[in-house]
Amino acid sequence: MIRLLHLLAGCSLAAASALPAQTYRFATDPWIAWAPVWAAQELGLWKKRGVDVEVVGFTGGDTVAAFKAGKVDFAMVMAGTAVGIQIGDGIAVKVLAEVDWSHGGDKMLVEKGVQLAQLKKQRIGIYEDSPAVHMFLAAKLHQQGLSAADFEVVVLEDVESLTSQFLAGRVACAITYEPYAQQATEKGLCEVIATTADFPGVMPECIAVRADKLARMPPAHVAAVLQGWIEAVEWCQDPKNDAAFTRLCVERVFAEEKVEPAEIPAMLKNVRIHGRQALRERNLGPDGIRRFLTDCVAFALRKAGKEPKAVDPAAMLDTRALAEALGPAAAPPPAR
């Protein structure tokens, strides 16, 4: 039976090449955890599976704008951002897979020696007005016995502007991410008081698609796109590809930011990119992304003052293509 399931999964993925040709646009921002999309394109992993995918790199939050406008097909986004689009913009979003966590890559900065309680009524700058960032902020504030209502939270989507305004004192506290956080702290004038690693899983990230677009996609194409991602992750995590991976990040992932090769290993420590086992556990089990979406939707609806049942979190998740791309789980070893 297991052999038959493997054959069926292989046939379904191979069938992608027999379907009508179509080019899919895959949007991404400069973020180390999303480097596998560039690897999948550069290595021809999607073409090998019969799908034509064009990676489109954005900066300054343009990925979300292009996604909402329907200008791209797939997008790398924070899962909380997907929830924000669904609730705030009324656009039905499907999360195809949680693929990584920010695990220290997102950081909260203050002037050195300053406590959050001293900053009441002052401005906290965040880089995106989405539940993804607000939940991280809320977790830290709650830990300190505070809430967002104690501050003025402002959104500055241009992360370079956010960093400069923070350093100039126009924003008392900032939530930003690498490599911008490093640029802000390297002069020794400010310090990190919290990261997403302090709240594991608070900021999962995912491959998302608009529901209307997914409905028009051949399922075999979607499975092939996810299989290409999985293979790209494995290539990125293979130590023998370290030099090529670093080159890919410098030249493609962070082309606009002009990062140095030595910065790449430090960035990787700030994320948790899921391999096959983690993908299965986080997406196909009862917890993981399912629980996060439930909590995040409830959080976002409360913040928006909407009815608790205005959005069904279960309807936002569609892991059928991921399950096909992963294939059946290996049978456990026989008991001794």
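The values are calculated or read from the model by the stated rules, or taken from the named source; none is laboratory data. What you are looking at is a predicted structure, and each value in this text was computed from that prediction instead of being measured. Note: ideal-geometry Cβ built from the backbone for every residue, glycine included; neighbour counts use all protein chains shown.
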Note on the range 168-222: residues touching a helix residue (DSSP H, G or I) at 6+ places or on another chain (Cβ under 6 Å) and free of Cβ contacts under 8 Å to residues at least 24 places away in the same chain are TYR180
May I ask you to say which residue of VAL202, VAL233 is at pLDDT 90 or above, part of a loop (DSSP other than H, G, I, E, B) and surrounded by 22 or more Cβ atoms within 10 Å (Cβ to Cβ)?
-> VAL202
Note on the range 245-277: residues exposed (fewer than 15 other Cβ atoms within 10 Å of the Cβ) and farther than 20 Å from GLU160 by Cβ are ARG247, GLU251, PRO261, ALA262, PRO265, LYS269, GLY275, GLN277
Unique match (being outside any helix (DSSP H, G or I), more than 14 Å from the chain's Cα centre (by Cα) and within 29 Å of ALA325 (Cα to Cα)) among VAL55, VAL77, VAL110 | VAL55
Output the residues belonging to the range 81-104 that are of a type in the set (A, V, I, L, M) and surrounded by fewer than 24 Cβ atoms within 10 Å (Cβ to Cβ).
-> ILE85, ILE87, ILE91, ALA92
Condition set of a type outside the set (A, V, I, L, M) and touching a Gly at 6+ places or on another chain (Cβ under 7 Å), scope the range 31-61, selection modelled with the lowest pLDDT: answer is ARG49
Candidate set from the range 107-147 (those that are of a type in the set (A, V, I, L, M, F, W, C) and farther than 22 Å from TYR180 by Cβ); member that is surrounded by the most Cβ atoms within 10 Å (Cβ to Cβ) | LEU146
Taking the range 62-71 as the search range and keeping residues that are at pLDDT 95 or above and surrounded by fewer than 24 Cβ atoms within 10 Å (Cβ to Cβ), which one is farthest from VAL233 (Cα to Cα)?
-> ALA69
The lone exception for LEU5 - which of (1) within 13 Å of the chain's Cα centre (by Cα); (2) at pLDDT below 95 it fails = (1)
Of all residues in the range 155-191 being among the aliphatic types (A, V, I, L, M), within 25 Å of the chain's Cα centre (by Cα) and buried (at least 20 other Cβ atoms within 10 Å of the Cβ), which is nearest to LEU116 (Cα to Cα)?
-> ALA174
Would you mention how many residues in the range 205-225 are surrounded by 24 or more Cβ atoms within 10 Å (Cβ to Cβ) and within 17 Å of VAL77 (Cβ to Cβ)?
-> 7
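Condition check ((1) closer than 25 Å to THR63 by Cα; (2) in the same structural domain as PRO36 (by TED's automatic domain parsing); (3) assigned to a helix (DSSP H, G or I)) across all residues:
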site: PHE166; (1), (2), (3): yes, no, yes
site: GLY188; (1), (2), (3): no, no, no
site: GLU191; (1), (2), (3): no, no, no
site: ALA208; (1), (2), (3): yes, yes, no
site: MET217; (1), (2), (3): yes, yes, no
site: ALA224; (1), (2), (3): yes, yes, yes
site: GLY228; (1), (2), (3): yes, yes, yes
